Amino acid sequence: MTSAQSRMPDPVPFLPELAAIAVPLHQIIANGVIPPVTIGLLQLRAGQILGSTYFTIRETANLRRLEETEERITAVATWHDATVFTSAERIALELVEAVLTPNPSGERVSDDLYARAAAHYDHRALWHLVMAIAHIGFFTPAALIAKPIPGRPPGKNYSPAAAKVAVAGATGRLGRHVVDVLTERGHQVVPMSRATGVDLVTGEGLAEALTGVDIVIDVASWHSSEQEAATEFFRASARNLHEYGQKAGVAQITVASIIGVESATAGFLAAKKEHEALLLSGPLPVRILRAAQFHEFVGQLLDWRQGEVAYVPALPTQLVAGRTVAEELVGVALDPRAPAAGAPIPEIAGPRAQTMAEAAALLGARRGVEVVAVDGAGMPDAELAAKGAFLPGPHAKLAGPAFQEWLDAQP
Ligand SMILES: NC(=O)c1ccc[n+]([C@@H]2O[C@H](COP(=O)([O-])OP(=O)(O)OC[C@H]3O[C@@H](n4cnc5c(N)ncnc54)[C@H](OP(=O)(O)O)[C@@H]3O)[C@@H](O)[C@H]2O)c1
């Protein structure tokens, strides 16, 4: 298993000029005259010599994408006695090995080796070969010192720097997963909820809790679905998080919202729409992740029943695990690159659409509760929900486990 952590954070926020170097360097190689397979072979060999798992995984994946055989990929490590490479490829491998290996008894690239290389590659090709080796050379210190995450594409191959993150609603269904994910990823967490002495509505305890905090993740929520009361809660919490956050020097607030709020006209979803607007109108930068209903929420629907039978609307949803949302939310919050202007608000949902009643029936069977599907009439925006307005959009990230899988894994 590869580590999901890089040793250092993404260099680009510290060295914005880097992109202006790395992109043209990459283009020189991509537009050059050396076959991509030869470049892949020599860069894989370079990764092996340098002892960089990042390079070896990346170049092995590149060669597989180019439909190279496993035999040739494997033989790169022992290319000297392998018979599967052309003479031009062997010269490329010999050159990269010579450049990267000390030679106590002479020049690393001898006149003899240069002459043999020049016999296979004209000046133009040889310069491209030099640049393919230079490309590895340029990124070698990053690979060995900063250790980007193997197997991840550029731009996603560095984990964020350790940050101090306050989690508003840390004891909730989502909040406890957010705390876990942050802790596992090496961040310092300040859990905030009334249980930890912080009241987002009155502001009690907020100033102390936000001291030295870099980022706030807001997953606090009102306990009932009544629109007016929920809106009041979100109005107070948004105001206080901005006000106390600004005083404490917080850089940004990331909030969990709900997929489809933009079309909501009533109920809790309309309150969440207002929540987004309230947060966005404050002084601190705000990032939003909209999530589908959580797997964990289905149990609440059963808990709300009166009597033996739970009446659950047969409205479509694409349930997602709280843990999955937490992983995505932490990623959004700590992404060193701010979201691009005009980009759609990111969404996270589970892998499969089903009705809430279907999911509730699966849980009900486990708990011995009878679930009866109803049409949702009387629920806010039931018609919109029936038409799929609260299902993920085309740009949504879909991630498991699906509800049944998640249920099977519950104790
Ligand atoms: N549930 C879903 O299916 C779903 C789906 C998509 C998005 N979301 C969004 O995700 C977020 C979290 O939802 P959730 O279901 O995890 O909520 P939850 O389980 O109801 O948790 C709410 C949290 O807010 C805290 N809280 C409530 N009042 C507070 C106050 N006055 N001051 C400080 N903390 C307070 C609670 O702790 P204390 O009681 O200790 O104060 C608790 O930690 C919400 O914004 C929700 O809209 C939820």
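The values are calculated or read from the model by the stated rules, or taken from the named source; none is laboratory data. None of these values were measured; they are calculated from a predicted model. FYI the Cβ positions are ideal-geometry reconstructions off the backbone, even for glycines, and counts take in every protein chain you see.
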Do the conditions hold for residue 51, that is, is it at pLDDT 95 or above, more than 30 Å from residue 338 (Cβ to Cβ) and crowded, with 18+ Cβ neighbours inside 10 Å? no
Are there any pairs with C-beta distances below 9 angstrom linking a residue in segment 10-38 that is closer than 30 Å to residue 163 by Cβ to a residue that is assigned to a loop (DSSP other than H, G, I, E, B) and of a type in the set (S, T, N, Q), with the two at least 6 apart or on different chains, and if so which? 10/157; 10/159
Would you say residue 267 is in contact with a Pro (Cβ under 8 Å, 6 or more places away or on another chain), assigned by TED's automatic domain parsing to the domain that holds residue 350 and not charged (D, E, K, R)? yes
Is it the case that residue 174 is more than 9 Å from the ligand (Cβ to nearest atom) and crowded, with 19+ Cβ neighbours inside 10 Å? no
Quick check on segment 350-379: of everything there that is closer than 13 Å to residue 309 by Cα and β-branched (Val, Ile, Thr), which residue is surrounded by the fewest Cβ atoms within 10 Å (Cβ to Cβ)? 372
Enumerated helices (runs of 4 or more DSSP H) restricted to segment 283-371, each holding at least 3 residues that are more than 11 Å from the ligand (Cβ to nearest atom), modelled with pLDDT of 95 or more and closer than 20 Å to residue 388 by Cα: 356-367
Give the number of residues within segment 252-272 that are closer than 20 Å to residue 329 by Cβ, assigned to a loop (DSSP other than H, G, I, E, B) and of a type in the set (A, V, I, L, M, F, W, C). 1
Subset of segment 57-79, residues under 26 Å from residue 127 (Cβ atoms) and either acidic (Asp, Glu) or assigned to a helix (DSSP H, G or I) (or both), comes to 58, 59, 62, 63, 65, 68, 72, 76, 79
Looking at 242, 223, 275, which one is in a helix (DSSP H, G or I), of a type outside the set (A, V, I, L, M, F, W, C) and within 24 Å of residue 320 (Cβ to Cβ)? 275
Specify which of the listed residues (84, 109, 96, 130) is closer than 14 Å to residue 45 by Cα and assigned by TED's automatic domain parsing to the domain that holds residue 48. 96
Please specify each residue of segment 218-238 satisfying the condition of being of a type in the set (A, V, I, L, M, F, W, C) and either more than 10 Å from the ligand (Cβ to nearest atom) or free of Cβ contacts under 8 Å to residues at least 60 places away in the same chain (or both). 220, 222, 229, 230, 233, 234, 236, 238
Name the single residue, out of those in segment 241-266 being crowded, with 21+ Cβ neighbours inside 10 Å and farther than 18 Å from residue 177 by Cα, that is farthest from the ligand (Cβ to nearest atom). 250
Pick from 44, 95: which is touching a Phe, Trp or Tyr at 6+ places or on another chain (Cβ under 8 Å) and either at pLDDT 90 or above or not in a loop (DSSP other than H, G, I, E, B) (or both)? 44
Restricting to segment 179-198, give me the number of residues that are near the ligand (Cβ under 9 Å from one of its atoms) and either crowded, with 17+ Cβ neighbours inside 10 Å or touching a residue at least 12 places away in the same chain (Cβ under 8 Å) (or both). 6
